[in-house]
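Structure first, commentary second.
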Amino acid sequence: MADASNRSGAIDTVMHEERLFPPPAEFAAQARIASFEAYEKLWNEVAADPEAYWERVGREELHWFEPFTQTLRWNEPYAEWFVGGKTNASYNCLDKHLDEGHGDRTAILWEGEPGDTRKLSYADLHKQVCKFANALRSLGVEAGDRVSIYMPMTPELVVAMLGCARIGAVHSVIFAGFSAEAIAERNNDAQAVAIITADAGWRRGKALPLKQTVDEALKKSSTVKHCIVLDRVNEAVHWQPGRDHWWHDLMRDASEECPATPLDSEAPLFILYTSGSTGKPKGILHTTAGYNLWAKKTFQWVFDHRADDVYWCTADCGWITGHSYITYGPLSAGATCVMYEGAPNHPDEARFWEIIERYKVTLFYTAPTAIRAFIKWGDEHVEKHDLSSLRVLGTVGEGINPQAWMWYHTKIGGERCPIVDTWWQTETGGVMMSPLPGAIATKPGSCTKPLPGVIPKIIAEDGTECGPDQGGMLTIAHPWPGMLRGIWGDKERYQEVYWSKVKGMYLAGDNARCDRDGYYWIMGRIDDVLNVSGHRLSTIEIESALVSHPAVAEAAAVGRPHELKGEAVAVFVTVKGCEPSEELRKELKLHVRKEIGALAQPDDIRFTNTLPKTRSGKIMRRLLRDIAAGREAVGDTTTLEDYSVLASLRQDEE
Ligand code: PRX
């Protein structure tokens, strides 16, 4: 460990991952960006003159009712892209393909949790969206109005989003697992005029009563005048005449004629609330043209999308991944998308593999938390199914431990599919760093290189730029089209959170290091760094060392106060294929010591049945810190525990 790094406040790296997987030759031969040289050339071209590049690509990729006159107006920290232009994201996702004669192409292959299926062509989707946009208008919803969406993963959720976009209403999708309190808070912050929901949605064989939760929320949401209800499950619901409207009634009366409204490039497209580490959720604002372009272009680059691909992203539209890589990116690119309503383990743990086989999915995008669950459930579920259609595998949401990466590579990808570990955030609108599957060799655990147009810089606590392998704050040096435009209704917080700590740079809130080959490794959230005897350590490196032990399914590392060391390493571990024991505890301590050094050896190891997770599947390290420090009362620490109850109590704050 380099001592010099500590003076600047850089983070030590203790992880050594040397494996390298070049793009398979047959894959590269047909790829959009087919060599490392081609990637570098493009990256350099964009970095040298971003505006010239985006001006050209913006004109080519989006439909313009009126052309823009200026590519970028940058008034730090406020960016305006494609100034003066008029476009419409719903037009780009739908009408553009119809204009080009692709109305018959399949847009959505949908599967409900009980096994019901639907297939919608681009022409079908266009018709539904036009009707729904008119339905919104019939209730008085206008351009600029905010509309909340709290729906199960049905095609109507996408119709609702695009229906809003068509008339310039601003959608705010709220994940359909949030509480009434959380919905009301979001309705009020956005001053939503309407909410779209369903009677219920299927989850693990049970009907979740969504309308009932919305009814509760609407008692505290004075701005919401209308509630549109999709009949998904045929559940009896409470009805408030005048306020509540059945989806099918509105659709029956609505016209199919609804030209997309030409909207200013910077017209707000959506607000998406994301948890701040403290305080109330932030309404991240994205606008029309720049976001739409970024979602489309990054989708094409990262997945190397071709017209005959069948693409499946397992995220929910309640998260940014569902906005950018179920809705706006793939649909703008004319992709055929699988969409699934329910849980990965219903009716059994093979559901995802069954879906891949049934639809011959070629591009598959999921989260590390899901991959770790698949590993724990056992390979037999995977082995029953033919996954040979797959050609690219993606991950997003958290770092992927090298061990889980290798499993994904061998068991799911048959050692033939490039893995794209995509680093990005709600705020960035789309992927920022990722391998390009035909161009960039992968290293397990690294998101590899920045996409064209992304200029990352890693900054130490003292403000200097970090050298190779020194961990520091990840920042982005130049505005990009998909960047957030602010926090809804809170200018100060926007400046404070993202633009105050490092001058002139967007602060991502993550730590990262760049290795000697120019590969980036995300090291976890800035707030989660451990400080052991003056050495700053990253959560993910300790966790990856634990996960590399065959008995460990999942691990979370946090710091807890320690008299001598400042902080001691405390870890929470779920095991697979064995029972927790004192011996295993000793063995794991030694294992970490051997893998990454004595400094990172855990003082405490707690075995747990499940790790507490946020609704989007991220480990709740703050809660674990409180448990490790004794600030959160829990039972006997030597036995197997389940923190999901504590997690659910603290969900709304995470
Ligand atoms: O900490 C990073 C982690 O997820 C954060 C963004 O979360 P959210 O806004 O909910 O968006 C998730 C979907 C884009 C990041 O700041 N994260 C996301 N992708 C990765 C990751 N950490 C490591 N590797 C990744 N590939």
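The residue that is farthest from the ligand (Cβ to nearest atom), among those in the range 519-536 that are out of contact with any Ser or Thr (no Cβ under 6 Å at 6 or more places or on another chain) and open to solvent by less than 20 Å² (accessible area, probe 1.4 Å), is 532.
Within the range 98-108, work out how many residues are touching a Ser or Thr at 6+ places or on another chain (Cβ under 7 Å) and within 15 Å of residue 156 (Cα to Cα). Of the residues in the range 98-108, 1 are touching a Ser or Thr at 6+ places or on another chain (Cβ under 7 Å) and within 15 Å of residue 156 (Cα to Cα).
Within the bounds of the range 553-573, is there any residue that is in contact (Cβ under 8 Å) with a residue 60 or more places away in the chain and touching a Gly at 6+ places or on another chain (Cβ under 7 Å)? No, the conditions are met nowhere in the range 553-573.
Number of residues in the range 474-491 that are open to solvent by 10 Å² or more (accessible area, probe 1.4 Å), in contact (Cβ under 8 Å) with a residue 40 or more places away in the chain and farther than 15 Å from residue 266 by Cβ equals 4. Looking at this structure, is residue 592 closer than 17 Å to residue 540 by Cβ, touching a Phe, Trp or Tyr at 6+ places or on another chain (Cβ under 6 Å) and open to solvent by less than 50 Å² (accessible area, probe 1.4 Å)? Here the answer is no, as residue 592 does not meet what is asked.
Condition check ((1) over 22 Å from residue 109 (Cβ atoms); (2) open to solvent by 20 Å² or more (accessible area, probe 1.4 Å); (3) of a type in the set (Phe, Trp, Tyr)) across all residues:
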{"residue": "162", "(1), (2), (3)": "no, no, no"}
{"residue": "196", "(1), (2), (3)": "yes, no, no"}
{"residue": "203", "(1), (2), (3)": "no, yes, no"}
{"residue": "219", "(1), (2), (3)": "yes, yes, no"}
{"residue": "230", "(1), (2), (3)": "no, no, no"}
{"residue": "236", "(1), (2), (3)": "yes, yes, no"}
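For (1) within 14 Å of the ligand (Cβ to nearest atom); (2) open to solvent by 20 Å² or more (accessible area, probe 1.4 Å); (3) not in a strand (DSSP E or B), each residue gets a yes or a no:
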site	(1), (2), (3)
393	yes, no, no
400	yes, no, yes
406	no, yes, yes
437	no, no, yes
444	yes, no, yes
457	no, yes, no
462	no, yes, yes
472	no, no, no
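Just one residue in the set 576, 586 is open to solvent by 20 Å² or more (accessible area, probe 1.4 Å) and modelled with pLDDT under 95; that residue is 576. Restricting attention to the range 414-435, the residues being in a loop (DSSP other than H, G, I, E, B) and either open to solvent by less than 20 Å² (accessible area, probe 1.4 Å) or near the ligand (Cβ under 9 Å from one of its atoms) (or both) number 11.
Rundown of residues vs (1) β-branched (Val, Ile, Thr); (2) over 26 Å from residue 618 (Cα atoms), yes/no style:
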residue: 340; (1), (2): no, no
residue: 346; (1), (2): no, no
residue: 357; (1), (2): no, yes
residue: 367; (1), (2): no, no
residue: 375; (1), (2): yes, no
residue: 381; (1), (2): no, no
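Comparison of 147, 83, 57, 46 shows that the only residue that is in contact with a strand residue (DSSP E or B) (Cβ under 8 Å, 6 or more places away or on another chain) and more than 29 Å from residue 207 (Cα to Cα) is 83. One residue stands out in the range 538-558 among those that are of a type in the set (Gly, Ala, Ser) and crowded, with 24+ Cβ neighbours inside 10 Å: the one that is modelled with the lowest pLDDT, namely 538. Restricting attention to the range 486-534, the residues being polar (S, T, N, Q) and either more than 29 Å from residue 626 (Cα to Cα) or at pLDDT 95 or above (or both) number 3. It is to be established whether one or more residues within the range 298-314 are crowded, with 22+ Cβ neighbours inside 10 Å, within 16 Å of the ligand (Cβ to nearest atom) and either free of Cβ contacts under 8 Å to residues at least 12 places away in the same chain or not in a helix (DSSP H, G or I) (or both). Among the residues of the range 298-314, at least one is crowded, with 22+ Cβ neighbours inside 10 Å, within 16 Å of the ligand (Cβ to nearest atom) and either free of Cβ contacts under 8 Å to residues at least 12 places away in the same chain or not in a helix (DSSP H, G or I) (or both), which makes the answer yes.
Restricting 190, 198, 182 to residues that are within 22 Å of the chain's Cα centre (by Cα) and more than 30 Å from residue 262 (Cβ to Cβ) narrows the list to 182.
Meeting the requirement of 1 or more residues that are more than 26 Å from residue 218 (Cβ to Cβ) and at pLDDT 95 or above, the helices (runs of 4 or more DSSP H) wholly within the range 82-189 are 96-99, 122-138. Considered as a group, the residues in the range 205-216 that are in contact with a strand residue (DSSP E or B) (Cβ under 8 Å, 6 or more places away or on another chain) and in contact (Cβ under 8 Å) with a residue 40 or more places away in the chain include one that is surrounded by the fewest Cβ atoms within 10 Å (Cβ to Cβ), and that residue is 208.
The values are calculated or read from the model by the stated rules, or taken from the named source; none is laboratory data. No experiment lies behind these values; they were computed from the predicted model shown. Cβ: placed from backbone, ideal geometry, glycine included. Neighbour counts: every protein chain shown. We work out accessible area using only protein heavy atoms, side chains counted, and drop any ligands, DNA or RNA first. Shrake-Rupley method; radii C 1.70, N 1.55, O 1.52, S 1.80 Å.
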